[in-house]
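Bear in mind that the values in this text are calculations on the coordinates, not laboratory data. These figures come from a predicted structure and were not determined experimentally. Neighbour counts run over all protein chains shown; Cβ positions are idealised from the backbone, glycine included.
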Amino acid sequence: MANHVRFNLTFHKINDAAKEKLNEMYQRIRSSTDGEAWFSDMFVEGDLTYEETEQYSWTTEHIGPKWSYLEEFSEQDFYGYSAWSAPEEGVVKLLTILSEFDPKIVSYLTYEDEGPNFYGANVYEGNELIDGIEEEYDEVIDRVIEDSERLTKESYDTDTEEWADDESRDIFDEEMWEVINDAQLSFIHQTMEMLNED
C-alpha cells in the first residue's frame, strides 16, 4: 500500500477573477459519500472526461502521484493526501490556469510523508516555483535533535541508525511534527519576505 503524503496548498494572494475561476473548477469535483474527492476532477473540461482523468497515465503525467484526493477546499486553500509524493505537477497545472486570471497570484504548498520519509514546502508566484525545500528522514532526525531540549547527538547512532533507547525514540516521535511544521513555516516566511523585497 502506498504511503500517504499529506499536502496543503494555500493561496496567499489571489484576486477576485482567479477566485471565481477556482470556484468554477471546484464545482467540477464530484461529491463522494466518504468525503474524498479526486484532485483531477478539477481539470475535467471540454473533451477531457472524468474517465480519462482517472487513468494512471493521465494522473501521473498531469497530477504527479497515481492518486490524489482533496478533503477540504475553499478560496483560501485546499488540502488532502496522495500516493508516495505531493501532487506538485497538479498544483503547477492549476496555478497555470489561475495565473491567466491573476499573473501575480502567490501561493505555497506544504507536504509531509506519513513516515515521515520526507517533508517539504514550495512557494510559487504565478505558476513559477520561486523556491522550495525538501528534507528526508535523516535530516528530520538531525533537525529534531538540534531543536530539542531533551535529545542530544548521543540519542541517535547514525552508523547503526538506531535510537539509544525507547525514551529517546518516544521524545523524537513527540516533537517531530512540530519541528517539521516550524521548519516549513520558517521557510515560507523567509521566502515571502524575499518576494516582498523584490
Taking only Cα atoms, what is the 0 to 90° angle, nearest 10, from helix 137-147's long axis to the longest principal axis of the chain?
-> 60 degrees
Give the distance, in whole Å, between the Cα centre of the stretch 19-88 and the Cα centre of the stretch 162-197.
-> 28 Å
Given labels modelled 7 Å from the Cα in the Cβ direction, how far is it in nm from SER57 to HIS4?
-> 3.1 nm
Amide H partners (placed H, <5 Å) of ALA37, local residues excluded | LEU70
Can you work out the PRE-style zone for ASP173? Point 7 Å along Cα to Cβ, and I want the residues of the stretch 1-21 with backbone N under 20 Å.
-> 3-6
Of (i) 8, 30, 34, 21, 6, 0; (ii) 9, 36, 34, 16, 4, 1; (iii) 8, 32, 31, 19, 9, 2, the label for P(r) over Cα pairs in 10 Å bins from 0, in percent derived from the coordinates = (iii)
Using 1/(1 + (r/R0)^6) with R0 = 45 angstrom and r between the beta carbons of LEU195 and ASP165, what's the FRET efficiency to the nearest 0.05?
-> 0.50
Based on the mean of other Cβ atoms within 10 Å per residue, sort peptides 154-165, 56-67 so the most packed one is first.
-> 56-67, 154-165
How far is helix 166-197 tilted, in degrees, relative to the longest principal axis of the Cα atoms in the chain, given as a value from 0 to 90 rounded to the nearest 10?
-> 50 degrees
Restricting to Cα pairs under 8 Å and 6 or more apart, the percent relative contact order of the chain works out to 21 percent
Relative to the chain, whose Cα atoms define the longest principal axis, helix 88-98 and its Cα axis are tilted in degrees, nearest 10, by 40 degrees
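Taking a quarter of the surface of the Cα convex hull of the stretch 69-155, what do you get in nm²?
7.1 nm²
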Hey, with R₀ at 35 Å, roughly what FRET efficiency would ASP182 and GLU24 work out to, going by the Cβ-Cβ distance, to 0.05?
-> 0.45
